[in-house]
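The structure appears below as structure tokens.
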Amino acid sequence: IDIALIDTGVVPVDGLTWPEKVINGPDLSFESQADNLRYLDTFGHGTHLAGIMVGRDDADVNFHGMAPGARLVNVKVADAQGAVDVTQVIAAIDWVIQHRNDNGMNIRVITLAYGTDSLQPYEVDPLANMVEKAWNAGIVVVVAAGNDGNAAPLRNPAYDPFVIAVGAAENNTSQISGVSSFSNCGTSERFVDIV
């Protein structure tokens, strides 16, 4: 199974250096024209998520991500400030849909820690429409709920019922102690599916 991470890129740190652990898709970021930055995470977010998802540490056999046997397809859209336009994200999702089975890949999941504050209903929003196209193509889409606080509604496209909306958990040493104060929880119409 391959997981497409649409984010800030990935740096080949320990745990992500196994052969073919990370496959580079397109770099649609503003940094894509710089040879020394292409595909690489200059912000830190994408590498962090990659480790959580598919990490498998070379030096410490005790560290494994949530799916250490999966491969990660790195689709970079954001730069060193985390800046990205919604059109870049839409293009990235479209690329994943079109190329999900190319060259031996089997992309079954998209992870998208991105959201807009769109005020239009998900039924007419272009970003929500694109995540639904991915869902219709057989790809599970996992989306961050947002970072606006517990009372805030879900960001777009997390508010779309065709995606899995993920909130952030607060850890108290080794166990989950609740929902993080910065995490959006949603409304009675649409709330997070999991933290």
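Data table
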quantity: Stokes-Einstein D in µm²/s, Kirkwood radius over Cα pairs - the chain at 10 °C with 1.306 mPa s viscosity; calculated: 93
quantity: Amide N proximity, segment 158-195 versus ASN62 label position 7 Å along Cα-to-Cβ, cut-off under 15 Å; calculated: 174
quantity: At R0 = 25 Å, FRET efficiency that the Cβ-Cβ distance of ASP148 and THR87 yields, to 0.05; calculated: 0.65
quantity: Carbon + sulfur, % of accessible area of the chain - ligands and nucleic acids excluded, 1.4 Å; calculated: 54
quantity: Cα pair count fraction exceeding 19 Å, expressed as % - segment 2-104; calculated: 39
quantity: Whole-Å semi-axes of the ellipsoid equivalent to segment 47-114 (Cα gyration tensor, √5λ, descending); calculated: 24, 17, 8
quantity: Percent breakdown of C-alpha pair distances by 10 Å bin, ordered from the shortest bin, for segment 79-156; calculated: 17, 48, 29, 6, 0
quantity: Solvent exposure, largest accessible area first (probe 1.4 Å, DNA, RNA and ligands not counted), of THR173, THR87; calculated: THR173, THR87
quantity: Where labels lie 7 Å past Cα in the beta-carbon direction, separation of ALA34 and HIS99 in nm; calculated: 2.2
quantity: Ranking by accessible area, most exposed first, for ASP117, ASP94, ASP27 with a 1.4 Å probe; calculated: ASP117, ASP94, ASP27
quantity: 222 nm mean residue ellipticity, helices alone, for the chain (DSSP H n ≥ 4; -39,500 (n - 2.57); rounded to 500); calculated: -5500 deg cm²/dmol
quantity: Relative contact order (%) - the chain, alpha-carbon pairs under 8 angstrom, separation at least six; calculated: 20
quantity: Environment charge of ALA80, counting only residues whose C-beta is closer than 12 Å and scoring Lys/Arg +1, Asp/Glu -1; calculated: -2
quantity: Loop-located GluC sites (Glu not before Pro) in segment 103-195 whose Cβ has at most 12 other Cβ within 10 Å (DSSP); calculated: GLU123, GLU189
quantity: Segment 105-195 shape via C-alpha gyration tensor axes, a/c threshold 1.5; calculated: oblate
quantity: From phi via Karplus (6.51, -1.76, 1.60), per-residue ³J(HN,Hα) for segment 6-19 in Hz, x at Gly/Pro; calculated: 9, 7, 9, x, 9, 9, x, 8, 3, x, 10, 9, 4, x
quantity: Accessible area of segment 1-137 divided out per residue, in Å², using a probe of 1.4 angstrom; calculated: 50
quantity: Long-range HN-HN contacts of HIS64 with modeled amide H, under 5 Å; calculated: none
quantity: Around TYR39: net Lys/Arg minus Asp/Glu count, Cβ-Cβ under 13 Å; calculated: -4
quantity: Rounded accessible area of LEU16 (nearest 10 Å², 1.4 Å probe); calculated: 10
quantity: Solvent-accessible area of ARG71 with every protein chain in place, 1.4 Å probe, in Å² to the nearest 10; calculated: 60
quantity: Cut-off under 5 Å, modelled amide H: who pairs with VAL141 long-range; calculated: ILE110, ILE164
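The values are calculated or read from the model by the stated rules, or taken from the named source; none is laboratory data. Values in this document were obtained by computation on a predicted structure and should not be read as measured data. Note that each Cβ is placed from the backbone with ideal geometry, even for glycine, and that neighbours are counted across all protein chains shown. These area figures cover heavy atoms from the full protein model, side chains too; ligands, DNA and RNA do not enter into them. Shrake-Rupley method; radii C 1.70, N 1.55, O 1.52, S 1.80 Å.
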